Amino acid sequence: MIWSSFHARLAKTHLIILPTIPDIVSFTPTARTAQSLGKHKSRCRALITMATSHKKKKTIDGQTQYLTDAEYMRLELEKMGFPIFQTNIRSTTKIREAAEEGKLAGQMDNKYLKSLWQDYANVGEEILEFLS
């Protein structure tokens, strides 16, 4: 009953955004959700959030590579054929500082925060492009 209702709602949706954090705890439910979308997958995009720049040693297809968790999650979702936004939303404690001041990151007098704000603007552009 729940899944039939879920798929009925999906049929009326133009774009499904599946936000996910690039860690092992989030990967499994993200992958299962992606698999459950069936024919609706083409109208869905995963949005990788809380992405960090810290690279870790990973073995992929027998080769050692240094990737961020976001890069690794992107590779795994792409292997499943799941569409993903090109832009990741980066993580920083500075975002919290802006929120505590009641401001958006783009309103802060901080170049790094302004560049982070661009992540959101880029995702917005990707959404508009998808919907047009």
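The values are calculated or read from the model by the stated rules, or taken from the named source; none is laboratory data. Here the structure is a predicted model, which means the values were calculated and not measured. Glycine also receives a Cβ, built like all others from the backbone with ideal geometry; neighbour counts cover every protein chain displayed.
Please specify each residue of the stretch 49-86 satisfying the condition of being in a loop (DSSP other than H, G, I, E, B), closer than 21 Å to Leu116 by Cβ and touching a residue at least 40 places away in the same chain (Cβ under 8 Å). Once the filter is applied, which keeps residues that are in a loop (DSSP other than H, G, I, E, B), closer than 21 Å to Leu116 by Cβ and touching a residue at least 40 places away in the same chain (Cβ under 8 Å), the stretch 49-86 yields Thr49, Met50, Phe85, Gln86. Scan the stretch 99-114 and give yes if some residue there is closer than 26 Å to Phe27 by Cβ and more than 14 Å from the chain's Cα centre (by Cα), otherwise no. Checked against the condition, which is being closer than 26 Å to Phe27 by Cβ and more than 14 Å from the chain's Cα centre (by Cα), the stretch 99-114 yields no hits at all.
How about the stretch 20-46: which of its residues are part of a strand (DSSP E or B) and under 15 Å from Glu76 (Cβ atoms)?
The first filter runs over the stretch 20-46 and keeps only residues part of a strand (DSSP E or B), leaving 20, 44-46.
Passing the criteria: Thr20, Ala46.
Out of the residues in the stretch 76-111 that are of a type in the set (Ser, Thr, Tyr) and at pLDDT below 80, which is surrounded by the fewest Cβ atoms within 10 Å (Cβ to Cβ)? Ranking the candidates gives Thr93 first.
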